[in-house]
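The values are calculated or read from the model by the stated rules, or taken from the named source; none is laboratory data. Worth saying up front: this structure is predicted, and the values here are computed from it rather than measured. A quick note on method: Cβ atoms are made from the backbone with ideal geometry, for glycine too, and the neighbour counts reach across all protein chains shown. Keep in mind that these areas ignore ligands, DNA and RNA; they rest on the heavy atoms of the full protein, side chains included. Shrake-Rupley method; radii C 1.70, N 1.55, O 1.52, S 1.80 Å.
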Amino acid sequence: MKEVTRKWIINGKERQVTCPPLRRLLDVLREDLHLTGTKEGCGEGECGACTVLVNGDPVVSCLIPAGQVPDGAEILTVEGLEETDLGRLLQEAYLEKGAVQCGFCIPGMIMSSYALLQRNATPTELEIREAHAGNLCRCTGYVKIVEAVQYAASKLS
Amino acid sequence: MAAVGTSVPRRDGREKVTGRTAYIDDMSFPGAWHGVVVRSPVAHGRLKGRHLDPAFDWSQVVVVTPEDIPGENLVHEIIKDMPLLCDDEIQYLGEPLALVAAPTKDLAREAAGYITFDIEELPSIQTLKEVIAQYKTDEGKLHKFCAQTIVKGDIEKGFEEADYIIEQEYWAGHHEQAYLEPQGLVAVPGEDGSVLIEGSMQCPYFVALELLPTLNLPPEKLRVRQAPTGGAFGGKEEFPTWLGGYVALMAMKSKRTVKLIYDRHEDIRYTTKRHPSWSRYKTGFKKDGAITAVKVEFFLDGGAYGTLSSIVLARGVLHAFIGYRCDNVFIDGRVYRTHSFPCGAFRGFGAPQAIWGLESQMDLMARACDMTPHAFRLRNAVVPGDTTATGQTLAECEACGTVLERTLEKCDFEAKLARCTRGAQDADTWYGVGLAFFAHGSAFTGDGEARFKAKAALDLALDDAERPVVLIRCSSVEMGQGAHTVLPQIVADGLCADLRFVQNPLPDTALVPNSGPTVASRTTMIVGNTLYGAGRKLKAKLEAYASARFFESQAAILKDSVFSAGHDRVDFEEVALAYLKEHGPVRVEHQYELDPKIAWNQETFEGDAYPSYSWGCNVVELEIDRATLQIEVKKVTGVFDVGRVINPMLAMGQLEGGFLQAFGYALLERIGVRNGAYDADRFQTYIIPTMLDAPPFDFEFMEYPYTFSPPGAKGIGELPIDGLSPAVANAIEMAAGIRMTEIPVTPESLFEALRKQVKS
């Protein structure tokens, strides 16, 4: 299949990629752009470890063909969090509340937290749980992740 | 300032929240080839031949077959019966028959498709249900891997003394560890014939030692490094040894770096799971509730090979009657073969299966003698001074029944019990509450720690910025549980220096002594104490040096990172720098000393089964929708004694995470074997709990330190997965008036059970 060229704003910087249109966004990020912070946990959109934001919306990058992401799209991955106020706030909250164990789900989990707090700075506990229901974690029992998001939200208001 | 007892934030946390932590699949290995495993398509058969189709250009790839194995074609686990690559009788679907390495994964997969096998298929027995049906009719035809009994008193006399005798069978299914990072290893061949294996694992020395006879390498030619590990839970205990064998053989033959990273589907299909279990409890007791006889048949489905099933069985039988008094106990444990993927380690290691039966049976007995579940347990719960099934006298420091009493008080159990609907037909929603009380043995069984002789070391050295640093050297890994935060906390206190001076690099078998595998709830207790001892030794060494160098031979004391003698003070950094300048880097090593009072007979299973026990009690409250039979756990309350709590925040994380795995085991994670293969083999069908499924937890610790081993921790890793299933089944009976005897309990299985109840 003919390759496509796309220009995206990834973590605030313009990047150009050329690849087959059906190449997974996850592979473009990890293999072509060496952004290995985003993880592959299942490859079929069930675990959420590969969650990134495309134009502010959380998507599972293992199910997104690169050709489907239009020119000019803004993509935020875990590597870009430190460059944002909300990202740094969430990172500190995750650390302080003990939300991290093995860490493999965290790059996806924290992107879902970011997407939630960006559109809703005062989420209820149920809203937090719904917003992260697509991100599996096998270590924590989720308690401290919920607490971290609540804590970050409390700092926003 | 003591570091132990404080909630120091996880020290590997910042790297993880920034995405900088490089797990094995994130690391760069330029020019690396990719490996695939070529597997048996049948569950049982005889391998007659192998063909490489000449239509494929084989010069582009490397194929490894059993003839390429330089040493024994055997995986050296406890039961040595499994070949690394099958060359004769195939015992399970998916058994590795060959390996292919190629420059790309696609090419390796394509090549694998051009390998065909002549196989004579043989009849197979694939599930524990078939095994138990056979056992009840004609046991002789079954293949038994191992057996272990525990005998206390006179079981027949115990039944004669009983007013009531109750018998019940309990089933538990497979259980997948479901670590979020799939299995993955890389092997790098050296020009001198050596091999480096790096990747996701719990036990670097298992890989480094067990593969030597297979690869026919001397110890110095096989080096193993752990990479950051994205969860393990037992799933990366023994399995990486197999995977290490595959990847090392491909690297040795191709003379190239070879990567073997499973995707989720392959990981669930072709890695070890928790052993399915069948147990039959026959118990006798008096009208006043005193238990007089406990007879348990505890059988496990080992899968196709013995591997480490004998140890899982040992831990299972040791937890099959625990926490209660009884003078007459007979436990008959066995592991049988099925032609399915070999079962292996998973957090709890036999104990969750055992306690599932025991704590269900306790409720049955309570009801039979018209006592409440808690009154019956309090009547029989051990107190310090009582003896266990193996004849071990429990020490004064054990919490035993106190966690039970505290849990009852904490959740107001009695009041909740009064609200239970007990199958009332006029209720729209059924409500029930259930209890379980349990213990988990800490560290290796019996005198295992004395025989193992765990060693750990501290290196005083300069870091990259030329500052003094104390490096922890042990083989115990960080896999999410917090070892690389908790162990430095313990070292800091042993040394009496600030935590900032202590670092914990990932283990590399070329650099670290063998502190043992990261298993058996032993890391904080055993390796922590060993490192504490090393810290004491380093403290003494530096005090002696400081005395001579800074204090004109007055005795110096190191406390809170400051050396002092009389009124003179010099800080830790200055002394350490002076020492390093004069003597260079130094290593102090320490070996764990087991309490010499521990006496254990490994043949008869009599004596002190564990150096210490952790104790737990949990109460489940749930509701059942009468229309859908959806079971909603409203709350789990629990109280736990894990000895001295080193880091309260991380310890609570262990409880919460372990409990959610137990929740999945009890209610969600159904996986069967159909035509030799798992019938739920991806995250679309193998359902682990999401954030929306997770119930609220209300947990607390009661600290009864293990006084023999400072700083006094006991095991924490496995305890939280032990007691939820029976509490769920007990709550379901209180809610719906029906006894569920197989986990997971699903709305479908509850519906079937209720329908049968109505019919009868």
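With respect to B:LEU622, determine if the residue is within 14 Å of chain A (Cβ to nearest Cβ), touching a residue at least 24 places away in the same chain (Cβ under 8 Å) and either buried (at least 16 other Cβ atoms within 10 Å of the Cβ) or part of a strand (DSSP E or B) (or both).
Criteria not met by B:LEU622.
Quick one: count up the residues across segment A:4-44 that are within 9 Å of chain B (Cβ to nearest Cβ) and either part of a loop (DSSP other than H, G, I, E, B) or open to solvent by less than 10 Å² (accessible area, probe 1.4 Å) (or both).
The qualifying residues number 11.
Checking the structure you have, find out if any residue of segment A:135-154 is without any contact (Cβ under 8 Å) to a residue 40 or more places away in the chain and assigned to a strand (DSSP E or B).
no
Using the structure shown, decide if B:PHE346 is within 14 Å of another protein chain (Cβ to nearest Cβ) and either touching a strand residue (DSSP E or B) at 6+ places or on another chain (Cβ under 6 Å) or aromatic (Phe, Trp, Tyr) (or both).
On the way: within 14 Å of another protein chain (Cβ to nearest Cβ): yes; either touching a strand residue (DSSP E or B) at 6+ places or on another chain (Cβ under 6 Å) or aromatic (Phe, Trp, Tyr) (or both): yes.
Yes: the conditions hold for B:PHE346.
Listed here are the residues, each with its yes/no results for (1) in contact with a Cys (Cβ under 7 Å, 6 or more places away or on another chain); (2) more than 13 Å from every other protein chain (Cβ to nearest Cβ); (3) within 30 Å of A:CYS102 (Cα to Cα); (4) not polar (S, T, N, Q).
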{"site": "B:THR6", "(1), (2), (3), (4)": "no, no, yes, no"}
{"site": "B:PRO9", "(1), (2), (3), (4)": "no, no, yes, yes"}
{"site": "B:ARG14", "(1), (2), (3), (4)": "no, no, yes, yes"}
{"site": "B:ILE24", "(1), (2), (3), (4)": "no, no, yes, yes"}
{"site": "B:PRO30", "(1), (2), (3), (4)": "no, no, yes, yes"}
{"site": "B:TRP33", "(1), (2), (3), (4)": "no, yes, yes, yes"}
{"site": "B:ARG39", "(1), (2), (3), (4)": "no, yes, no, yes"}
{"site": "B:ALA43", "(1), (2), (3), (4)": "no, yes, no, yes"}
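Being at positive phi and either assigned by TED's automatic domain parsing to the domain that holds B:ASN675 or touching a residue at least 40 places away in the same chain (Cβ under 8 Å) (or both): is that true of B:GLY289 here?
Against the criterion (at positive phi and either assigned by TED's automatic domain parsing to the domain that holds B:ASN675 or touching a residue at least 40 places away in the same chain (Cβ under 8 Å) (or both)), B:GLY289 qualifies.
When you look at A:ASN55, is it in contact (Cβ under 8 Å) with a residue 40 or more places away in the chain and either assigned by TED's automatic domain parsing to the domain that holds A:LEU136 or over 25 Å from B:ALA32 (Cα atoms) (or both), yes or no?
No, not satisfied.
Of everything in segment A:88-101 that's open to solvent by less than 10 Å² (accessible area, probe 1.4 Å), part of a helix (DSSP H, G or I) and at the interface with another protein chain (Cβ under 9 Å from one of its Cβ atoms), which residue is farthest from A:LEU25 (Cα to Cα)? Explain how you work it out, then say what you get.
Keep residues of segment A:88-101 that are open to solvent by less than 10 Å² (accessible area, probe 1.4 Å), which gives A:90-91, A:93-94, A:99-100.
Then drop every residue that is not part of a helix (DSSP H, G or I), which leaves A:90-91, A:93-94.
From what's left, at the interface with another protein chain (Cβ under 9 Å from one of its Cβ atoms): A:90-91, A:94.
Details: A:LEU90: 24, A:GLN91: 24, A:TYR94: 26 Å.
Among them, the one singled out is A:TYR94.
State all residues of segment B:708-760 that are in contact (Cβ under 8 Å) with a residue 40 or more places away in the chain, assigned to a loop (DSSP other than H, G, I, E, B) and over 24 Å from B:TYR613 (Cβ atoms); if no residue qualifies, say none.
B:GLY737, B:ILE738, B:ARG739, B:THR741, B:PRO744, B:VAL745, B:THR746
Tally the residues that are outside any strand (DSSP E or B) and surrounded by 16 or more Cβ atoms within 10 Å (Cβ to Cβ), restricting the search to segment B:162-181. Spell out how you get there, then give the answer.
Kept after step one, since they are outside any strand (DSSP E or B), are these residues of segment B:162-181: B:162-163, B:173-174, B:176-181.
In the following step, the residues that additionally are surrounded by 16 or more Cβ atoms within 10 Å (Cβ to Cβ) were identified as B:162, B:173-174, B:176-181.
Residues that pass the stated criteria total 9.
For residues in segment B:87-110 being under 22 Å from B:ALA251 (Cβ atoms) and under 26 Å from the mean Cα position of the chain (by Cα), which is surrounded by the most Cβ atoms within 10 Å (Cβ to Cβ)?
B:GLU95
Of everything in segment B:10-60, what is more than 30 Å from B:ALA227 (Cβ to Cβ), open to solvent by less than 60 Å² (accessible area, probe 1.4 Å) and among the small types (Gly, Ala, Ser)? Give them in sequence order.
Answer for segment B:10-60, where residues must be more than 30 Å from B:ALA227 (Cβ to Cβ), open to solvent by less than 60 Å² (accessible area, probe 1.4 Å) and among the small types (Gly, Ala, Ser): B:ALA43, B:GLY45, B:GLY49.
For segment A:102-133, give me the residue count where each residue is out of contact with any Asp or Glu (no Cβ under 8 Å at 6 or more places or on another chain), more than 7 Å from chain B (Cβ to nearest Cβ) and not in a helix (DSSP H, G or I).
Residues meeting the conditions: 4.
Please name all residue pairs, on different chains or six or more residues apart, with Cβ atoms under 8 Å, provided the first residue is in segment A:115-129 and is in the same structural domain as A:VAL149 (by TED's automatic domain parsing) and the second residue is of a type in the set (D, E, K, R) and surrounded by fewer than 21 Cβ atoms within 10 Å (Cβ to Cβ).
Close Cβ pairs satisfying both conditions: A:ALA115/A:ASP57; A:LEU116/A:GLU127; A:ASN120/A:GLU127.
Which residue is nearest to the other protein chains (Cβ to nearest Cβ), if the candidates are limited to segment B:631-658 and must be within 20 Å of B:ILE687 (Cα to Cα) and in contact with a strand residue (DSSP E or B) (Cβ under 6 Å, 6 or more places away or on another chain)? Full working, then the answer.
At the first step, the residues of segment B:631-658 found to be within 20 Å of B:ILE687 (Cα to Cα) are B:631-634, B:656-658.
Of the ones still in play, those that are also in contact with a strand residue (DSSP E or B) (Cβ under 6 Å, 6 or more places away or on another chain) are B:631-634, B:656.
Numbers: B:ILE631: 18, B:GLU632: 14, B:VAL633: 12, B:LYS634: 15, B:GLU656: 3 Å.
Checked segment B:631-658; the qualifying residue nearest to the other protein chains (Cβ to nearest Cβ) is B:GLU656.
Which of the residues belonging to segment B:705-760 are over 26 Å from the mean Cα position of the chain (by Cα) and at pLDDT below 95?
Listed by number, the residues that qualify are B:GLN757, B:VAL758, B:LYS759, B:SER760.
B:LEU84 - would you say it is open to solvent by 20 Å² or more (accessible area, probe 1.4 Å), under 24 Å from B:PHE206 (Cβ atoms) and either in a loop (DSSP other than H, G, I, E, B) or among the aliphatic types (A, V, I, L, M) (or both)?
Answer is no for this residue.
Say whether the condition of being without any contact (Cβ under 8 Å) to a residue 60 or more places away in the chain, of a type in the set (S, T, N, Q) and either part of a loop (DSSP other than H, G, I, E, B) or open to solvent by less than 60 Å² (accessible area, probe 1.4 Å) (or both) is met by at least one residue in segment B:608-615.
no
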